[in-house]
Structure formats: C-alpha cells, structure tokens
Amino acid sequence: MLLLLPLLFKGILCHGPGTGATRVLAPHHPATEEPPTFRLLEIYSFANQTWQQTESSGWLGELQTHRWDPVSGTIQFLWPWAGGNFSKEELKNIQALLQLYIHSFPLEVQAFSSQFQLEYPFEIQVSGGCGMHSGKDPETFLNAAYQGSDFLSFQDSSWKPSPGAGSQAQNVCKMLNHYRVIKEVVQGLLSNTLPRFLSGLLQGGKSDLERQVKPQAWVTKGSSPGPGRLLLVCHVSGFHPKPVWVMWMRGQQEQRGTQLGEVLPNADGTWYLQVTLDVVAGQASGLYCRVKHSSLGGRDIIIHWDGYPISLILICLAVAVTLVTVLVVGSWIKQHSSNQSLCSPHAPSPAAPTDGNTQEPRGSGNHLCLAQRSWIKNKLLKKWKKSLYQL
C-alpha cells in the first residue's frame, strides 16, 4: 500500500506557482524574532495486533492550525487562513494523501512488527515540518520516535537511524531506503511543498501570530508544604504570545527556589502560568512576584505578597490625597467666604452703584460667592480625574 503514496505525492508537487521557483521567502519579521516553525505531529498507539489509535495535528509555532478528524477522515482547518495560499485542488490532494497514509501506515507497522521485534503495546511518534530563517534557505525535518525515544530521521535524501537507537532502527532504515521513489517524493515534499505552505500560513496568519495581549497577575497561598512554611503562588493568565518571564524576588534578588509550572493554553488562545516559592512563614515579608511580557512595553507587573499590585496602591494613595485636599480647600473656602461681605445675601455688590434708583437684585452677592466655590471645586475635581487617568 505504501507504493501507492507516490501517485498522490506527485499530484501535490505538480501543482503550485507557474514561475517554477523552488525557494520561497518568508514575510518580513523583526531581525530579533524568527518566524514560527510549522509542524505536523502524528501519534500512533498500538495496543495489540488488531487495535490501534491515531492522532494527527498541525501547529504553527505554539498555535494549533489543523486537526485530523478520524471519524470523517478529513482535515479540520482551525483558522480561516489555515489553508495557506494553496488552491482547493491542492488541498484536496493533500487530504486524499493523508487519508491513504493514515490508513496504510498502521497496517504496514503491524505487518512488520514481528520482523522488527516491536513489542506490544508500543507508540510511534512522527514529526515533520519546516522553518524559515532570515537570509537562509528553509530548514525542513522529518523524524520518528519509538516508545518516546529518537528512532530515525530523513536526512540527505535517505533514512538514517538515530544515534543509540540500536539494530531495530538500522534494520527499518535499510528496508525503507530500498524504496527509491518514495525517498524522492519525500524529498520533494520537504524541499518544495512544505516551504510554500509555510509561506502562505505566515502571510495569512500574521495578525493572529503578532497579537499582543497583556497578562493579568495575582498571588495566593498554596497548600502548606510543611510545618512553619508557606507556599507562595503567583498566577499569570491571559497573555499572548506565549513567551513570558515570571520570578519571585526580594529587592533586586531573584529567589532561586522559584518553581515554574507548565505554560498552559486558555480557551481563548491565550496562556496561563503558575509560579511557586516555598519559604519559611516568617520570611515572606518583602517578597514580590515580577512579570515581564512583550505586551507590557517594558512596564513590568509587580505584585507584593500582600496581594495588591503596586499600581493599585499608587491609585489608592492618589485618591486619598485628593479627597483630603478637596475637604481642606472646601472647608477653607467656607470659612473664608463667611467673613466676606460679598457673600452676604443682603449686602450690595462692592461694584454696585449707591444711587437709590439703581439696585442690584437681591442675593446677587451670594450667587457670585457660590459660583466662585463651585468653580474651585470643579477645577480640583478635573485635576483629580486627570491624575487617575494618568495612573
């Protein structure tokens, strides 16, 4: 059945740009950040001679782009741009290829399991993909692992056993290298099809790949690690992209006991991380969690063990100072205005004529006094709001 694969491989390789160019340049990326690598991952689990299970998926960096549906036998495109710049006919050929490959490969493995001394239950993992690097040709790879250990790879147009894989890998590679046509087709896929596909993914998914989402952070107390000890937990969630730096610190000193958890995905495509520190209960004072992420623009998040971020403390202080200022100034205005004849409801305005035939409306001085106090208070409130917005 493996001999049928070249027919579908050739169908894919024959489609493509009419220019005949084999090298594809990736979209522009900052020199300090390489574009993500595209990987196809397959896991084949064999319980016995008659039962096996297959999982297959596609990933662009840390972002899953494709999933294989074993029920319908079709590719699920998880993003609108996951088809790259391939035509419908090319995608149809790829799907037909995967249908045949995913169906045939387990049967071939089971047929040769005795010859190559594969003991049930066992697992085979296959990883193939392509990466772009500025100023360099695309770097492609195809590797296989057996029971979680490197087994073989495709290099320089042939199959080669991994170092330390033993006679099993050597025998499998020897058999695979007899199929010259399959080797040529695999080489064509790695050198032509995958780089073209990756280029289309990078162009179509640029906005999603470059998305910046600021993290949220908070601290809690975990389960006690022992008598007289505390487990400090710093939670960082909702950030994108995945790279993040989180550390428990005292002053400018990083705490060596900091334990980093695994960065896990959230349902919305962002990430979550938990970082812990085991300390003596009486030595927790002065510790804080520091978070660095590309979305923060160099303004790190700092949360002290009391659980309040430093930015919130500054806002609370600003509000308290402003309220005290408003109360003091308001009290001064009230006391000062009571001693001014201008604020008397029955006194004439200082600028008003003394001629009995011309009288200022009753209470006009009081209206002026109220206007002055209202103007001062409004000005203070505006300054207060502006200060809060700046924080």
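What to note about this one:
- Only aspartates and glutamates eight or more places from Lys136 in sequence, or on another chain, were considered; those with a Cα closer than 18 Å are Glu33, Glu34, Asp156.
- Computed E for Leu78/Arg229 - FRET, C-beta separation, R0 35 angstrom, nearest 0.05: 0.20
- Additional length obtainable on full extension of the chain from Thr50 to Lys206, 0.36 nm per residue less Cα span: 51.8 nm
- Each residue of segment 224-238 was assigned a 3J(HN,Hα) from its phi angle through the Karplus expression (A = 6.51, B = -1.76, C = 1.60, θ = phi - 60°), giving 4, x, x, x, x, 10, 10, 10, 8, 10, 10, 9, 10, 9, x Hz with x at Gly and Pro.
- For segment 53-97, radius of gyration divided by Kirkwood radius, i.e. Rg to Rh on alpha-carbons: 0.96
- Pairs of alpha carbons in segment 178-227 separated by more than 14 Å make up 74% of all such pairs.
- Packing, as the average of other Cβ atoms within 10 Å across residues, places the peptides 215-228, 51-64 in the order 51-64, 215-228, highest first.
- The modelled label-to-label distance between Asn177 and Glu89, using points 7 Å beyond Cα along the C-beta direction, is 3.8 nm.
- With semi-axes defined as the square roots of five times the eigenvalues of the C-alpha gyration tensor, the equivalent ellipsoid of segment 216-308 measures 23, 15, 10 Å, largest first.
- Net charge of Cβ neighbours under 15 Å - reference Glu123; Lys, Arg +1; Asp, Glu -1: -4
- Electrostatic bookkeeping for Phe86 treats Lys and Arg as +1 and Asp and Glu as -1; over the other residues with beta carbon under 12 Å from its beta carbon, the sum is +1.
- Cross-link pairs Lys88/Lys174; Lys92/Lys174; Lys160/Lys242; Lys88/Lys206; Lys92/Lys183; Lys160/Lys206 - those with Cα-Cα distance over 25 Å: Lys88/Lys174; Lys92/Lys174; Lys160/Lys242; Lys160/Lys206
- Reach of Lys214 by Cα under 12 Å, taken over aspartates and glutamates that are not fewer than 8 positions away in the same chain: Asp300
- Here Cys130, Cys173 are placed in order of increasing Cβ neighbour count within 10 Å, fewest first, which gives Cys173, Cys130.
- Label point at Arg299 placed 7 Å out along Cα→Cβ; residues across segment 213-230 whose backbone nitrogen lies under 13 Å: 214-215
- Positive contributions from Lys and Arg (+1) and negative ones from Asp and Glu (-1), summed over other residues with Cβ under 12 Å from the Cβ of Leu98, come out at 0.
- FRET efficiency, Glu123 to Ala320 (Cβ-Cβ, R0 41 Å, nearest 0.05): 0.10
Each value in this text was obtained by applying a stated rule to the coordinates, not by laboratory testing. Every value quoted in this text rests on a predicted model; they were computed, and no experiment measured them. Glycine gets a Cβ as well: all are built from the backbone with ideal geometry, and neighbour counts include every protein chain shown.
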